[in-house]
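A short write-up of the structure that comes next.
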Amino acid sequence: MAGKYIALPKGVPERTFDAAIKAFRRVLGEASVLTSAEQLAPYIKTMMPVPDSEHAPSAALIATTVEQIQKIVGICNQYKVPVWTISTGKNLGYGGAAPAERGQIVLDLKRMNRILEVDKDLAYALVEPGVTYQQLHDYIAERKLGLWLSFPAPSAIAGPVGNTLDRGVGYTPYGEHFMFACGMEVVLANGDVLRTGMGSMPNSNTWQVFKWGYGPYLDGIFTQSNYGIVTKFGFWLMPAPPVYKPFVIQYQNEEDIVEIVETIRPLRINGVIPNAVVIAHALYEAPTKARRSDYVTGPGSIPDAAVRKITKDHNLGIWNVYAALYGTQEQVDVNWKIVTQAFGKSGKAEILTEKEAGSDPAFEYRAKLMRGELTLKEFSLYNWRGGGGSMWFAPVSQARGSETLKQMSLTKQILGKHGLDYSGEFIVGMRDMHHIVDVLYDKTNPEQVKAAYQCFDELLTTFSALGYGTYRVNTAFMDKVAETYGPIQRKVNKILKDALDPNGILAPGKSGIR
Amino acid sequence: MDVNRRNLMKGVLTGGTLLALGVPPGAFASAPVGRAERFGLLLGNTSVDAAFAAGFRTAAQYAARGSGVAVSMEGSPEVIKLKGGLLNDYKIVARLLEKSLNTRWVAIMDDGSAAIFTELVRNASGKLISLGSHASADGASIQWGSPDISQLRHVWVTASPAHSAGSILASHLVANENSFSIVENFLSTQASAGSTTANGSVPGFLSYRLEGSDAGHDRGQDLIHLHCSGLSPSSGCELLGWNAAGGWTPVSQREFTQEAAAFIAQVNGQPRSGDWAESVGYAVTVAALGTEAIQESCYSRAFLHRSATLEKRSRRTGAAEQFTSFIIDT
């Protein structure tokens, strides 16, 4: 269309949208309502194997206060235009800042970025959605508060609100982020403002210290959902330990994953290793040090022999287990003895500490992530295949060796069938493993675009048929994943949606909910 | 240089001004760059930085010979080279974007850096004029891979045809390359005032419009144009993975001749390069300057070339190369 907008919301005529835009401008001011192609282009680029135009927004709104957001939802209800809310918008590999559906308006909260409170003694923070990890890190460092953050790979440029609401994970003992969330403020579709947990009680000073409040625990329904717009978010911070000891344990065969997981599980459940351990395949680490084109050329996935050569050339294991110990020197010493004895039994493991591996680029960035130090090094992954294509495939497995080997083998086989590499890792929870695989492909190559889509589709279909659910997915596949969880869950989600957002103005399509 | 800027530059290598690239001051004085008051080049520490910068220089020198609408620019353009790459120097780039107001930047970096750079541009409320993904196939892929994959592939997302680079790049590559594909996706169809917006093309290419797309235009349907050299539009569609329902209507010869004549006159005066990355640098800079001769009012267009001459086939035997280019306004 040659109209003044690059896209329009589904079913909304241009004249109606014009009126809505004028109303938004009265609330936010001209400069905070973006409609030109150049202004919206930074929101559009995705890494998924679908045309970017399918996720083009009609406009972007920059809001900074709760009152503005209340007025915005009022306008959305009046004109029946949907908004897709982002905090920092750093959902890299999951759809980025682009809306789920063409024509939705992006509500960008990046400038709603006040750090409202950081309590050193009770070790919590209360922030607005636009606060980045970098900002909070600097705030804590300037005031010498002695608190550590936990964040995902986008670290510096991402934010705790967006990541936790999508139930993302980090690599410290606080790595299961939503577990450490405590209290939020939400603007509902009707403009009401809800404070969850103890926050609903006026004058409460336990909003950020006691998660559950009274009655149904509502915080969960605002994660991975479209039931409200979170405007304040509380979460716990880890006090800096006196001693931090990162290490990597390398194994040389893919089948060793069984022994690794069986060894780690009791150490995690018993608290000997407190952090979210990562078991990274060589191809996940290789991009920090190697170029794919130096080892393989031509189409197809990388052969095992080439992977083995990469490990030899670049001091990697086929599996690289990154973990850390935290505490006093006495605690660390005791736990280190337990760890080395456990992993030393079979003779297959090579254990390296900072002393042996400190200058290695892969170890260096992992050590940073495990102690809450900001780094973007993991995005070297995008240079592996090049071309800007990436989708996270993220099924969950039991923390059992046999299960992880089964998942890894199946994933590798399906990827290989489509000419793609297995760039995967397992993030170890207490009893579960997040199996995180970066499906990397060249978006300039139409054959790879097609292969990537078919591969991802097949991965989801195959894994769900085996009972392996996906914990998080990009916006092109949300409906498919929602289907795999069965009709009853979808029905309940829909009932909640109809009750909380009868006009469907908040992020239609998120997690397959409309 | 004030303290703030000195701190900003710490960790980067700067050529200071385009004098370091051999571009005289005022080279951009006659370049139409919209509301930008300054111009800059950001090199992200890729293996093709030098070639890209050479193309940038050539375009700037060509522009200095007075091929555009006069818009005054203040100060000297900047060249910034990131010594450690953006993934290490992201704070420097973030500060650069926040502090360099009213500046149009041309940038080149690897794909990992590009993913983060896009985020930083949005953080700084910058405008993304175009983002190009550029890839060359390695020798083995050319020899053993699918013959349907182009040796050089370019995919652009561009705000509007006013800043399209496709036809300039196509005109540079067609003489030297065996096969390439250039796809441009425009977020809006508006070309710049005074540009040649009728359905022109590049010499050597036959132009087509997706059947029904003009009629569909009034009803708000997409406009798609295809320019083919050495292959049919249906083969072209297959190569691109386009599922275009309907057929392709050739652009009328009369229109082609009129616009092509104007374009040929301009293109013949432009300097050429045999280096692929240099050609991209040139085309992106010309697009940044807004001096692209042929702009088409469409949502997507592609240039596809397959040479019938076998001798060119052996030229590209090196490793695959990939990088991303940007034009942004801060």
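Quick note: the coordinates plus some simple rules give every number you see, no bench work behind them. Just so you know, these numbers come straight off a predicted model, no measurement behind them. With ideal geometry, Cβ positions are generated from the backbone for all residues, glycine too; neighbour counts draw on all protein chains shown.
Determine the shielding of peptide B:125-132 by partner chains: average, over its residues, the number of Cβ atoms on other chains within 10 angstrom of each Cβ. Before the final figure, lay out the partial values.
Details: counts 10, 4, 8, 9, 3, 2, 6, 1.
Other-chain Cβ atoms within 10 Å of each residue's Cβ, averaged: 5.
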Quick one: if you stick a label point 7 Å off each Cα along the C-beta vector at A:Thr462 and A:Arg15, how many nm between them?
5.4 nm
Listing A:Thr64, A:Thr461 from the residue with the fewest other Cβ atoms within 10 Å to the one with the most, what is the order?
A:Thr461, A:Thr64
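What order do you get for A:Lys443, A:Lys345 when you list them from fewest to most C-beta neighbours inside 10 Å? Before the final figure, lay out the partial values.
Details: A:Lys443 25, A:Lys345 11.
Taking fewest neighbouring Cβ atoms as first place, the list is A:Lys345, A:Lys443.
Suppose only helical runs count, i.e. DSSP H with n ≥ 4. What mean residue ellipticity at 222 nm does that imply for the protein assembly as shown under -39500 (n - 2.57) per run, divided by all residues and rounded to the nearest 500 deg cm²/dmol?
On the way: 26 runs with 276 residues, N = 844.
After summing the helix terms and dividing by the residues of the protein assembly as shown, the value is -10000 deg cm²/dmol.
Antiparallel DSSP bridges in the protein assembly as shown: what percent, to the nearest 5?
So the antiparallel bridges amount to about 75 percent of the total.
Among residues other than A:Gln398 whose Cβ falls under 14 Å from its Cβ, what is the net charge (Lys/Arg +1, Asp/Glu -1)?
Details: positive: A:Arg265, A:Arg268, A:Arg400, A:Lys406, A:Arg431; negative: A:Glu262, A:Glu403, A:Asp432.
Taking every Cβ under 14 Å from that of A:Gln398, the sum is +2.
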Starting from the amide H of B:Lys81, placed 1.01 Å from N in the peptide plane, find each other amide H under 5 Å away whose residue is 5 or more places distant or on another chain.
B:Leu13, B:Thr14, B:Gly15, B:Leu43
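Give the shape of region A:206-251 as rounded, prolate or oblate, defined through the alpha-carbon gyration tensor: a ≥ b ≥ c are the square roots of its eigenvalues, a/c under 1.5 means rounded, and otherwise the shape is prolate if a/b is larger than b/c and oblate if not. Write down the numbers at each step before the final one.
On the way: a/c = 3.00, a/b = 1.89, b/c = 1.59.
The shape class here is prolate.
What shape does chain A take by its C-alpha gyration tensor, where a ≥ b ≥ c are the square roots of the eigenvalues and a/c under 1.5 counts as rounded, a/b above b/c as prolate, and the rest as oblate? Mind showing how you got there, number by number?
Working: a/c = 1.91, a/b = 1.34, b/c = 1.43.
Oblate shape, in that a/c is at least 1.5 and b/c is the bigger or equal ratio.
Taking 0.36 nm per residue of separation and subtracting the Cα-Cα distance, what length does fully extending A:Arg143 through A:Ser346 add? Don't skip to the end; give the middle numbers.
Numbers: separation 203, 0.36 × 203 = 73.08 nm, distance 4.69 nm.
Length gained, A:Arg143 through A:Ser346: 68.4 nm.
Sorted by mean Cβ packing within 10 Å, highest first, what order do the peptides A:478-491, B:93-106, A:86-99 take? Write out the running numbers ahead of the final one.
Numbers: A:478-491: 14.4, B:93-106: 20.2, A:86-99: 26.4.
Highest to lowest by the protection proxy: A:86-99, B:93-106, A:478-491.
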A:Met201 and A:Ala240 label points (each 7 Å along its Cα→Cβ direction) are spaced in nm at 3.4 nm
Can you tell me how much longer the chain between A:Asp304 and A:Gln489 gets when fully stretched, taken as 0.36 nm per residue apart minus their C-alpha distance, in nm with one decimal?
62.5 nm
Please compute the modelled spin-label separation between B:Glu37 and B:Ala175, points set 7 Å along Cα→Cβ, answer in nm with one decimal.
4.0 nm
What is the average number of partner chain Cβ atoms found within 10 Å of a Cβ in B:236-242?
2
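What is the local net charge at A:Gly509, summed over the other residues whose Cβ is closer than 10 Å to its Cβ (Lys, Arg +1; Asp, Glu -1)? Mind dumping the intermediate values first?
Details: positive: A:Lys510, A:Arg514; negative: A:Glu101, A:Asp479.
Value of the local net charge: 0.
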Fewest-first ordering of A:Val83, A:Val50 by Cβ atoms within 10 Å yields A:Val50, A:Val83
